[in-house]
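The values are calculated or read from the model by the stated rules, or taken from the named source; none is laboratory data. Keep in mind it's a predicted model, so treat the numbers as computed, not measured. All Cβ positions, glycine included, derive from the backbone under ideal geometry; neighbour counts span all protein chains shown. All accessible areas refer to the heavy atoms of the entire protein, side chains included, with ligands and DNA or RNA removed. Shrake-Rupley method; radii C 1.70, N 1.55, O 1.52, S 1.80 Å.
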Amino acid sequence: MTRGWRTRHDPAVTARGIEVFDRVADRYDEVIPFFAAFAGELADSLGFTAGARVLDLAAGRGAVAAEALARGCRVTAVDAAANMVARLRADHPAVAGHVMDAHRLGFPDGSFDVVVSGFAMHLFADPAVVFDEVRRILVPGGVFAFTVPGGPDPATDPLPELFAEFGRYLPPGGGMGRPLDARAAFTGAGFAGVEAVTLTVDLPVAGAEVLWEWGLTHGSLAYFEDLPADRREEFRARLFAEVTGPTRLRRQAQLWTGSTG
Ligand SMILES: C[S@@+](CC[C@H](N)C(=O)[O-])C[C@H]1O[C@@H](n2cnc3c(N)ncnc32)[C@H](O)[C@@H]1O
């Protein structure tokens, strides 16, 4: 099917992204609990029903899965990075964790009441295929909910501006993640009742060293590795010049929801 919004990403770039997540899995979300904080906001906004069959898609170490589990759901989680799934299984043995590509979900039609995904839909090679797969494995009336970074930028630190400024030094296809037209993607896959709300987190950060370490322990590692070495050092120096004491990590995300109707 041809869809006007459809963008496919270079498979080599997305495979490299999964390799990066494999490498950072041991420290992912440990420097600043950014993804855990957003998972809590997502769960509070969505309101999981006890007993619901929930799939956490591209689950990482299971930030969203843990929230669903805590609310009495029956939780399955998949991720393409084997080290992420290993950590998820160790930390959350009650979750059924599988190494699986989001484009080829090995579940029968109508297996889940809810599919959730934190900060991953903008990373996939062909999001339209993932939307179709999610629709297939949801029951009629099932809900797909996912977060993507963004919204009016309330940042209290210089990282977003530095990312934008230094982006011109990335090679073509460098960094990680591409904008997703979520409404068009939902509509193209036949979902109904599409809505978006803004989530916000506001976390204390001891200083520039912690912000830098955080940047090296999640997907932005791909951005830093793609910068030429001298530009990476310049980025780091600018960060340390601009953040000279404790600060806060204040960010927004969009939580999109749609129903199979
Ligand atoms: C930013 S992390 C988010 C992880 C988790 N949802 C969270 O909120 O902490 C993105 C995750 O997407 C996974 N991922 C990327 N491409 C994937 C694919 N094609 N299939 C399954 N998982 C994928 C990565 O391995 C990584 O764990």
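Mind checking which residues of region 35-60 are within 14 Å of the ligand (Cβ to nearest atom), in contact with a strand residue (DSSP E or B) (Cβ under 9 Å, 6 or more places away or on another chain) and either more than 26 Å from ALA81 (Cα to Cα) or in a helix (DSSP H, G or I) (or both)?
Within region 35-60, the subset within 14 Å of the ligand (Cβ to nearest atom) is 35-43, 46, 54-60.
Next cut, in contact with a strand residue (DSSP E or B) (Cβ under 9 Å, 6 or more places away or on another chain) only: 35, 37-43, 46, 54-60.
Scanning region 35-60 gives PHE35, ALA37, PHE38, ALA39, GLY40, GLU41, LEU42, ALA43, LEU46.
Read through the list (1) open to solvent by less than 50 Å² (accessible area, probe 1.4 Å); (2) at pLDDT 95 or above; (3) out of contact with any Lys or Arg (no Cβ under 9 Å at 6 or more places or on another chain), then give the number of the only condition that GLY174 fails.
(2)
Pairs under 6 Å by beta carbon, first residue more than 11 Å from ILE18 (Cβ to Cβ) in region 69-86, partner open to solvent by 60 Å² or more (accessible area, probe 1.4 Å) and more than 9 Å from the ligand (Cβ to nearest atom), six or more apart or different chains?
Matching pairs, first to second residue: LEU69/ALA94; GLY72/ALA50; ARG74/ARG53; VAL78/HIS98.
Only one residue in ALA237, ALA164 is open to solvent by 60 Å² or more (accessible area, probe 1.4 Å), outside any strand (DSSP E or B), farther than 21 Å from VAL116 by Cβ and without any contact (Cβ under 8 Å) to a residue 40 or more places away in the chain, so which one is that? Before you say what the answer is, go through the steps one by one.
On the way: ALA237 fails: open to solvent by 60 Å² or more (accessible area, probe 1.4 Å).
Exactly one of ALA237, ALA164 is open to solvent by 60 Å² or more (accessible area, probe 1.4 Å), outside any strand (DSSP E or B), farther than 21 Å from VAL116 by Cβ and without any contact (Cβ under 8 Å) to a residue 40 or more places away in the chain, namely ALA164.
Among the residues of region 127-149 satisfying the criterion of being open to solvent by 50 Å² or more (accessible area, probe 1.4 Å) and modelled with pLDDT of 95 or more, which is nearest to ASP181 (Cα to Cα)? Break it down into steps so the answer makes sense when it comes.
So the first thing to find is which residues in region 127-149 are open to solvent by 50 Å² or more (accessible area, probe 1.4 Å), and the list is 132, 135-136, 140, 149.
Next cut, modelled with pLDDT of 95 or more only: 132, 135-136, 140.
Details: ASP132: 15, ARG135: 17, ARG136: 20, PRO140: 24 Å.
Here the answer is ASP132.
Out of all the residues in region 89-104, which are open to solvent by less than 60 Å² (accessible area, probe 1.4 Å), more than 9 Å from the ligand (Cβ to nearest atom) and either free of Cβ contacts under 8 Å to residues at least 24 places away in the same chain or under 18 Å from the mean Cα position of the chain (by Cα) (or both)?
The initial filter retains those residues of region 89-104 that are open to solvent by less than 60 Å² (accessible area, probe 1.4 Å), namely 92, 95-97, 100-103.
Retained after the next criterion (residues that are more than 9 Å from the ligand (Cβ to nearest atom)): 92, 95-97.
Within region 89-104, ALA96, GLY97 meet the criteria.
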